[in-house]
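Asks: Below you will find the structure I want to go over with you.
The values are calculated or read from the model by the stated rules, or taken from the named source; none is laboratory data. Not measured: the values here are computed from a predicted model. Note that we place each Cβ from the backbone using ideal geometry, even for glycine, and neighbour counts take in every protein chain shown. Heavy atoms of the whole protein, side chains included, go into the accessibility calculation; ligands, DNA and RNA do not. Shrake-Rupley method; radii C 1.70, N 1.55, O 1.52, S 1.80 Å.
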Amino acid sequence: QVQLVESGGGLVQAGGSLRLSCVASGATFENYGLAWFRQAPGEERQLVAAISWIPSRTHYGNSVKGRFAISRDNAKNTVYLQMNSLKPEDTAVYFCAAARDGRMPPPVERYIYWGQGTQVTVSS
């Protein structure tokens, strides 16, 4: 059974930083594109950042470019999201997801595995 488990969320003041981690089990994700999405109350889920399999290419949503960085450690089956200069509008539940698709980014419908999410709250 494939599982994605996120961690690292929490409450932080505006301008602060958080690092999210997502550990995958039940499959080897070397050949999967990995991504972070987020969803705020009353809003649609949006792509935050995506990273391809080897060699790693990345894609970022416009609202996080220059502030967030996605990376992966295939040996640990883990994808990370380093979030800097956080803003109140970054408050959301953050989900990691995996897609067996080489496009960057893969279409949302290609993400077949999803984590349960971790809450990030940024106070002003």
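Asks: List every residue pair whose Cβ atoms sit under 6 Å apart, with the two residues 6 or more apart in sequence or on different chains, where the first one lies in segment 60-78 and is within 14 Å of Ala35 (Cα to Cα) and small (Gly, Ala, Ser) and the second, anywhere, is open to solvent by less than 40 Å² (accessible area, probe 1.4 Å) and not in a loop (DSSP other than H, G, I, E, B).
Replies: From residues that are within 14 Å of Ala35 (Cα to Cα) and small (Gly, Ala, Ser), the pairs are Gly61/Val48; Ser71/Tyr80.
Asks: Next question. Does at least one position in segment 68-75 carry a residue that is modelled with pLDDT of 95 or more, part of a strand (DSSP E or B) and among the small types (Gly, Ala, Ser)?
Replies: yes
Asks: Quick check: anything in segment 106-120 open to solvent by 40 Å² or more (accessible area, probe 1.4 Å), under 19 Å from Leu11 (Cα atoms) and at pLDDT 95 or above?
Replies: There is at least one residue in segment 106-120 that is open to solvent by 40 Å² or more (accessible area, probe 1.4 Å), under 19 Å from Leu11 (Cα atoms) and at pLDDT 95 or above.
Asks: Would you confirm, using the coordinates I've provided, whether Ser85 is of a type outside the set (Lys, Arg), open to solvent by 40 Å² or more (accessible area, probe 1.4 Å), more than 14 Å from Ala24 (Cα to Cα) and touching a Pro at 6+ places or on another chain (Cβ under 6 Å)?
Replies: So Ser85 fails the test.
Asks: Would you mind stating whether Phe95 is outside any loop (DSSP other than H, G, I, E, B), touching a Lys or Arg at 6+ places or on another chain (Cβ under 6 Å) and buried (at least 20 other Cβ atoms within 10 Å of the Cβ)?
Replies: Against the criterion (outside any loop (DSSP other than H, G, I, E, B), touching a Lys or Arg at 6+ places or on another chain (Cβ under 6 Å) and buried (at least 20 other Cβ atoms within 10 Å of the Cβ)), Phe95 does not qualify.
Asks: Restricting to segment 12-62, give me the number of residues that are over 18 Å from Gln119 (Cβ atoms), among the polar types (S, T, N, Q), open to solvent by 20 Å² or more (accessible area, probe 1.4 Å) and in a loop (DSSP other than H, G, I, E, B).
Replies: 3
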